[in-house]
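Below: the structure, in structure tokens.
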Protein chains: 4
Amino acid sequence: MCRWLAYSGSPLLLDAVLYRPEHSLINQSLRARMGVETTNGDGFGIGWYSTDGDGTPAVFRDTAPAWNNRNLRELASHVRSPLFFAHVRASTGSAVQQTNCHPFRHGRWLWMHNGSIADFHRLQRDLCMAVDPALFSCIEGSTDSEVMFYLAITFGLDQDVPGAVARMAGFVERVGKEHGVPEPLQMTVAVSDGQRVWAFRYSSQGASRSLFYSSRAETVRRLHPDLGYLDEVSDDTRIVVSEPLGDLPGMWNELPEGSCAVIPSGAEPDYFPFLPEPG
Amino acid sequence: MCRWLAYSGSPLLLDAVLYRPEHSLINQSLRARMGVETTNGDGFGIGWYSTDGDGTPAVFRDTAPAWNNRNLRELASHVRSPLFFAHVRASTGSAVQQTNCHPFRHGRWLWMHNGSIADFHRLQRDLCMAVDPALFSCIEGSTDSEVMFYLAITFGLDQDVPGAVARMAGFVERVGKEHGVPEPLQMTVAVSDGQRVWAFRYSSQGASRSLFYSSRAETVRRLHPDLGYLDEVSDDTRIVVSEPLGDLPGMWNELPEGSCAVIPSGAEPDYFPFLPEPG
Amino acid sequence: MCRWLAYSGSPLLLDAVLYRPEHSLINQSLRARMGVETTNGDGFGIGWYSTDGDGTPAVFRDTAPAWNNRNLRELASHVRSPLFFAHVRASTGSAVQQTNCHPFRHGRWLWMHNGSIADFHRLQRDLCMAVDPALFSCIEGSTDSEVMFYLAITFGLDQDVPGAVARMAGFVERVGKEHGVPEPLQMTVAVSDGQRVWAFRYSSQGASRSLFYSSRAETVRRLHPDLGYLDEVSDDTRIVVSEPLGDLPGMWNELPEGSCAVIPSGAEPDYFPFLPEPG
Amino acid sequence: MCRWLAYSGSPLLLDAVLYRPEHSLINQSLRARMGVETTNGDGFGIGWYSTDGDGTPAVFRDTAPAWNNRNLRELASHVRSPLFFAHVRASTGSAVQQTNCHPFRHGRWLWMHNGSIADFHRLQRDLCMAVDPALFSCIEGSTDSEVMFYLAITFGLDQDVPGAVARMAGFVERVGKEHGVPEPLQMTVAVSDGQRVWAFRYSSQGASRSLFYSSRAETVRRLHPDLGYLDEVSDDTRIVVSEPLGDLPGMWNELPEGSCAVIPSGAEPDYFPFLPEPG
């Protein structure tokens, strides 16, 4: 069980959303309200895209708790980015090591996950076998989340993000059923190529982990004047997060079960239905 | 704010009290019930005396949370000791580093502390100046707890433990008042020379952190048959801990405000009054 | 490239061989003489069997360099064992994480390795596929060494140690050749079940990493009076190590290319030939 | 014994000087040529000033070796700065902890040091006593280097950098002599306020650690075309480093004993004499 946050919009010091809000992600690492665990202290990670650079995101991950990590606070106060991920981890059993910390990166892609694959130790081999052999040795850690990422890449993330994730989810459910695990998948997932962020909320049993997205900036500004940093942000600035960063009514919207949000959404609706594609 | 445990009695695998009980210390590291914080994830430490050896205790300390530390679990399952300390830390601001983890050791002495010295950054210099100059460079970390330890040594821990701690407490209160800090000291402290454990509960405002001691073994055995390991323990086996390890009535006794317990207590009463000695 | 040490004989404080000798293993972590690298600072580990206990060895591993690790020094000064492993790591590219540190443990078995599988990233998937599916999810790290261990278990380590290791080596060479890697295997390996230690020295190209074993204790005693701890050790006490712990002539014997040593050797010769079994 | 590098000039990706050069600082962490130790694996740190921001430098420090640290590599590839420090540490005994890693920061100041104060444990208390009481609790670690920094601040770093460092050095030598330590100080020090870098080379015995500064950019460009990044750098771009980053004749100049270099030097000479000011 973990908590995560994805930001897309006007370039921002990470600090503004990671530390400053009343119920910031760093605060959630110590006292989450909606999580299975209140503590998410088994490591953390951030990934960010630069306005310049070659499009490859930077990743900073550590096995220490986020709340007491001085290096994270330093970076958050000095790194400015138009699109970044942050994740605080509560291990469901796998080792607390840097290669198990989110976000995961492959090429220009970032991936992070909250949830789990039930009985993963029983399904792990079949899932790994389905990963493109050329990618097999890219799997450095021992989490279900990383295997899900490489399955999604194997299933065409580069061409069609929602489709690839749907095929990954469908495959996990098929392998689960083959091993007598009827409801294997529990996930809220964020993935980005540096241009857009796709956020998925889905679980086999239809009772997914919490996931929220912020209202359009102009709405937020009107409702949330205390967040000074919002004054300069563009209208398409959005945040997707496991738990609202504050309690102000109207600011945060729950992403419905079985749906996918894309930010920036532009003229499109904020989200559309998501269903696994039977493997 | 921290949680700690001190054990004295029949040689025991640390695991038996650190992991197995319903509300074990490791469990308290993740979800303390009586603490100022529910999470004590800013490092931990254990210190133990061997039945053989030269009387110098071993210390194992790490900045990671206790609940996910595999090395701690390994040691707890393989180290047997007749007298050991364990501590899980919640930093009140000082750096999360090994030299700030408890227990602290000097020669044959172990020391651990839960609480704090109010406005320590203002009192620190005067307190450090009072430490025996020959010991000054033994202070490796930046905690109030370690300075309290070296003050107690300076004030005669070797000759008279309760007296030295009383003089330390009195001195801290005097320095506090000199700096306009009326109620500077909050402490539950455990100290041992390898033969006995002294446990103190005191605070300037008379509202000290929780501290409990176990009833005599024969009582515990009768009341707590589920703790299998108690069957072989001697009658003088005792545990002092920030929070009871379980909920069974009659097993745990609160150490009163302003008192000191000594274990093994032998024929003596379980505790006696403790008051700072005006500096 | 790494350095390792295996000890079997009279129960000993680890400190006696890890720190005290002139060119101890901890010294080798900072300035190895015969290694490909002089520095072995990418983590370390120790594993030890107790005289009491259930036969499962304890393992203590950390990603920090051995030479500056205070916890290792503490343990070495307080843990006594009749059979223990120690390993200092120089990563050949895989992540520096606890699950990549040696020794590896499975049930009562310990395993450690110096060397590498050439082009491991290309062979990794085929090698992992050959691991008993029931063991697949036991692989927590990303090293060639750990995969070699689980292949050896898959190939019958429980029944016949030299045979299982020979089949593992033969399989690695077959998979290597299939991928156009003519000389894939470079290894000095130590494995133990808590009763005996098997040490292997082999490489596909016939130019293996250095490996030495100590002469029988009575010989060593006569030649090496300065190692005080040897006075009490039994005649069957032996050490196998990547580099001699000292420079005294006659004390250390190189294990020949393509051979396996077993300690205690009892009446058997000190070593016998080892060759991979064609897979 | 450590190695350090200070850069001032055209904004640069840290990677360009930390990793790319033939004998980069990261390379020096594993195999220094001119150091007392070849290995500098007891932690590292970087500090950098941003072109925007409030003038407070960011600091990233870790106790792991620099050569295997993935987060350092990530930052070096994504952080661009016109003035930054980097330091790889070889502990002379004090704890390996983040608060003992260089550079140290106070307000807008960065400070790093290679060398030591002889018998520091004997001089430490007197030196700490001379630190401005208002700064005493800013000392978080246990190194001589950090105490030197706070002494320099106490002695007027804000008004006169060379003067304050001269008074610090003079005071250390006076305290040393008072304790019968005739040649207490060994230092190469870099300090910056974000505008300029002052680099000092001095030792009581007149045999200081190595320190080099790069020739003016146009000279370097002519002599060192292979360093592609130099093509865009301004003429006042300079590097001061413990060991040359390469072997090209004419590129690196040794800073003489008892001197101080200031970069950018502008019209001033590259360095001027430095002598302690008798305390």
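We did not get these values from a lab; they are worked out from the coordinates using the rules stated. These numbers were taken from a predicted model, which means no experiment stands behind them. Glycine gets a Cβ as well: all are built from the backbone with ideal geometry, and neighbour counts include every protein chain shown.
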Legend entry - Around B:Arg3: net Lys/Arg minus Asp/Glu count, Cβ-Cβ under 12 Å: +1
Inset, instruction - Binning at 10 Å from 0, report for region B:208-279 what percent of all alpha-carbon pair distances ends up in each bin. - result: 19, 48, 25, 6, 2
Legend entry - Summed side-chain charge close to A:Asn100 - residues other than A:Asn100 whose Cβ falls under 14 Å, Lys, Arg +1, Asp, Glu -1: -1
Inset, instruction - Report the residue of chain A with the smallest Cβ-to-axis distance, using the rotation axis that brings A onto C, in whole Å. - result: A:Gln97, 2
Inset, instruction - Would you calculate a helix-derived [θ] at 222 nm for the protein assembly as shown, using -39,500 (n - 2.57) for each DSSP H run of n ≥ 4 and dividing by the full residue count, to the nearest 500? - result: -7000 deg cm²/dmol
Inset, instruction - Between A:Gly170, A:Gly206, A:Gly41, find the one with the highest GNM mean-square fluctuation for chain A; connect C-alpha pairs within less than 10 Å. - result: A:Gly206
Inset, instruction - Compute the whole-percent fraction of alpha carbon pairs in region B:3-273 spaced more than 30 Å apart. - result: 22 percent
Legend entry - Zone of D:Asp54's modelled label, taken as backbone nitrogen in region A:64-104 under 13 Å from a point 7 Å along Cα→Cβ: A:77-78
Legend entry - Under 15 Å from the Cα of C:Lys177 - aspartates and glutamates, other chains or at least 8 residues apart: C:Asp119, C:Asp126, C:Glu277
Inset, instruction - Report, largest value first, the span of the C-alpha coordinates of region C:42-125 along each principal axis, in whole Å. - result: 43, 30, 16
Inset, instruction - Give a quick list of GluC sites (Glu not before Pro) in region D:204-279 that DSSP marks as loop, anything other than H, G, I, E or B, with at most 16 other Cβ atoms within 10 Å. - result: D:Glu257
Legend entry - Average projection area in nm² (convex hull over Cα atoms of region C:79-233, one quarter of hull surface): 10.6 nm²
Legend entry - Charge sum, other residues only, whose C-beta stays under 11 Å from D:Arg216's C-beta, Lys/Arg counted +1 and Asp/Glu -1: -1
Inset, instruction - Against the globular-protein guess of 2.2 N^0.38 Å, express the Cα radius of gyration of the protein assembly as shown as a ratio, rounded to two decimals. - result: 0.95
Inset, instruction - Would you work out which of A:Met168, A:Leu75, A:Pro269 lies farthest towards the positive end of the dipole of chain A? Charges go on Cβ: Lys and Arg +1, Asp and Glu -1. - result: A:Leu75
Legend entry - Dipole magnitude (debye, nearest 20) for region C:3-273, charges at Cβ of Lys, Arg, Asp, Glu: 380 debye
Inset, instruction - Sort out for me the Cα centre separation of region A:54-101 from region D:136-207, rounded to whole Å. - result: 36 Å
Inset, instruction - For C:Glu277, go 7 angstrom from Cα along the Cα-to-Cβ vector, then report the distances to that same point in the other copies in nm, smallest first. - result: 4.6, 7.4, 8.0
Inset, instruction - List the distances, in nm to one decimal, from the label point of D:Met129 to the label points of the same position in every other copy, shortest first, placing each label point 7 Å from Cα along the Cα-to-Cβ direction. - result: 0.9, 7.4, 7.5
Legend entry - Net charge dipole size for region A:118-252 [Lys, Arg +1 and Asp, Glu -1 on Cβ; Debye, nearest 20]: 360 debye
Legend entry - Label zone at A:Arg216 (point 7 Å along Cα-to-Cβ), backbone N below 11 Å, region A:234-263: A:235-237
